[in-house]
Structures are given as C-alpha cells and as structure tokens.
1. Within the group 137, 189, 194, which residue is at pLDDT 95 or above and buried (at least 24 other Cβ atoms within 10 Å of the Cβ)?
2. So which residues in region 258-313 are in contact (Cβ under 8 Å) with a residue 40 or more places away in the chain and basic (Lys, Arg), if there are any at all?
3. Test residue 68 against the stated conditions and say whether it is modelled with pLDDT of 95 or more, closer than 16 Å to residue 10 by Cβ and hydrophobic (A, V, I, L, M, F, W, C).
4. Residues of region 1-14 being part of a helix (DSSP H, G or I) and crowded, with 17+ Cβ neighbours inside 10 Å, which ones?
5. Just a yes or no: is a residue in region 16-31 more than 29 Å from residue 206 (Cβ to Cβ), at pLDDT 95 or above, open to solvent by 70 Å² or more (accessible area, probe 1.4 Å) and outside any loop (DSSP other than H, G, I, E, B)?
6. I'd like the full set of residues that are hydroxyl-bearing (Ser, Thr, Tyr) and touching a residue at least 40 places away in the same chain (Cβ under 8 Å), limited to region 128-159.
7. Which of the residues belonging to region 77-124 are outside any helix (DSSP H, G or I), open to solvent by less than 20 Å² (accessible area, probe 1.4 Å) and in contact (Cβ under 8 Å) with a residue 60 or more places away in the chain?
8. Checking the condition of a type in the set (A, V, I, L, M, F, W, C), out of contact with any Leu (no Cβ under 8 Å at 6 or more places or on another chain) and either open to solvent by less than 10 Å² (accessible area, probe 1.4 Å) or more than 27 Å from residue 110 (Cβ to Cβ) (or both), which residue from 246, 213, 268, 228 passes?
Amino acid sequence: MNPEQLKGRSLLTWKDYSAEEIRYLLDLSKEVKKQKKQGELHQRFIGKTLALIFEKRSTRTRCAFETAFGEEGGHPVFLSTQDIQLGAKESVEDTARVLGRMFDAIEFRGFKQETVEKLAAYSGVPVYNGLTDVFHPTQAIADIMTLEEAFGTSRGKKLCFVGDGRNNVARSLMVICSKLGVNFTVVTPHALEPDRSLVEQCHMYAAESGSSIEITDNTDAVSGADAIYTDVWVSMGEESQRESRIQLLRPYQVNQGLMNKTGKKETIFLHCLPAVKGEEVSPDVIDGNQSRAWDQAENRKHTVKAIMLATIK
C-alpha cells in the first residue's frame, strides 16, 4: 500500500477503509507508541492546527486528540457548542467552509453522523469522527490494537461484545472486525440487536476476510472467546430510558461468572470507558488481572496520533 493514498482522507467510519489501510494504521500506531515509550521527540505537526468540535463531553477522546497533536508540535483548538455557531445561527456546511480555511484538520464528537459527514464534505480538510450516535471508529482501532498487544494478532481471534448491541461501539467493532478477520459475536437482547443492514454488510466483509459475525441473545455464545467487551447500558442522550434499559440488560452483566464461561483463563476484558461499575461490569472484573481497559484508554492516543500522521497533508 502507498501511504500517500491516505493523505487528505477523513475517518468517518471504517466502512470507508480497506483492510490493508487499517492494517497500515495499526502498524503505525504501534510504531508511534514505541517512539513515545523510548522518549523520542518528534515535531511532525509544527505549524499545523486542529479544530476539536465537541457536542458531547469526553475524557479519552479529547485528551487523546489534544495530547497526540500537541506532542507533535501542533496547535489544537477546543470548540464546544457554547463557543461556535455550529448548526445554530450558522449551518454545518458554512461552519465547515470556514474551519477548513483556518485549520489543517477537524475532529467532531457529537450526535448525528450526518454532521460529521457534512463537515467532511464541505471543509476540504481531513475530518475525524470522535464519536457519533452511529459510529465510534477511533475507539474501535484502539480496541484492535489492545487485542493484538495481548495475543500478538487479531486475525482469527474471537471478540464478544456483551450488552447494548446497537450502540456506536458495537457497530464500529463489527465493521473493523469483519474487515480484519476477527470473529465477532454480539450478545444482546433481541430488542437491542444492531440494524440488519449493517449486519448484512459486515457479513460481506467477513466473507472476504474469512471471519464470522454472530448475533445472539444467549450468553453461552461467549464460549471460546479471547476477549469479552462491554459498554455502558445507557448511552449519552438516552438517560430517559435508564430504568427500562437496566432491567433489560441486567442478565448481561460481565462478571466473573460470565468470564469463566469462555473456558479460557487467558481471556481478556475490554471496556471503552467510562464504566458504571456494578451495572454492565462487576468491579472485580474491570479492576482485575484480565482487564485491559486501561491499555485501551492509552491506545486511544497512539492510534489517534497515527491516524492524523497518515492523513494530514
């Protein structure tokens, strides 16, 4: 693969990237992490600027983008909905046109996938999806990096997502796993299954990569899993559904009993954070020896840096 083909590209969803391109970004992520651990200092973003648009609060996404860009000598600018007119007095299209004239790249974390798509269409610079209600691609690549650090490879491994199967993390994992040859299982109540159109699309990717996609409500499906992944039961913007969601998902808590169902002592636990300990995961699991949640959090930074290095001109 010619790395130059990634220059100027946006990252809105992994559906837009080939397995070879994702593999390149993963390898670059591991390289920049190694450089950081060795104390190497690089200034590859000197003179560059990055707009960070946040409709939703964030710990890892904001810190990952700001530190990754700043360490390389670039200037990140944080913009909340209280700071700019995005979608209020000014259309998303016009905001994109303005920011594209002033910044070298734009990150967006918010509600509608349509918003990040418009930013990419009208800004003329790379745009990164830091989370929408539909996809969370920068999280998913950090998850795969963490899986590969634990096992040396991700291809052929079994990753089980247990919980709300239609949330943005589960959907993004389904896409990236099916492209990279990771066997992906969603264990979720029927009412929270991912949309059929995405599942069918990922079955096509999986057919090419030689992996499998399974959707089930049976927790016994975690048998043989190399990694069990969960996320909060109540996503941002769905707080009104909290009580009903907890009742629906209580049987899907990731606790030591569920971890033991894999039949593998080496199974790791993954969580994108923040976690509500005692709901989707028991404290002993997320704080235990099988947990790689903190590695995932750190890897958000290294993967984000790699994505920006590969795409900013």
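The values are calculated or read from the model by the stated rules, or taken from the named source; none is laboratory data. Here the structure is a predicted model, which is why all the values come from computation and not from measurement. FYI the Cβ positions are ideal-geometry reconstructions off the backbone, even for glycines, and counts take in every protein chain you see. In case anyone asks, the SASA skips ligands and DNA or RNA and just uses the protein heavy atoms, side chains included. Shrake-Rupley method; radii C 1.70, N 1.55, O 1.52, S 1.80 Å.
1. Details: 189 fails: buried (at least 24 other Cβ atoms within 10 Å of the Cβ); 194 fails: buried (at least 24 other Cβ atoms within 10 Å of the Cβ).
Exactly one residue qualifies, and that residue is 137.
2. 261, 264, 292, 300, 301, 305, 313
3. no
4. 6, 14
5. no
6. The answer is 128, 138, 146.
7. 105
8. Matching residue, one of 246, 213, 268, 228: 213.
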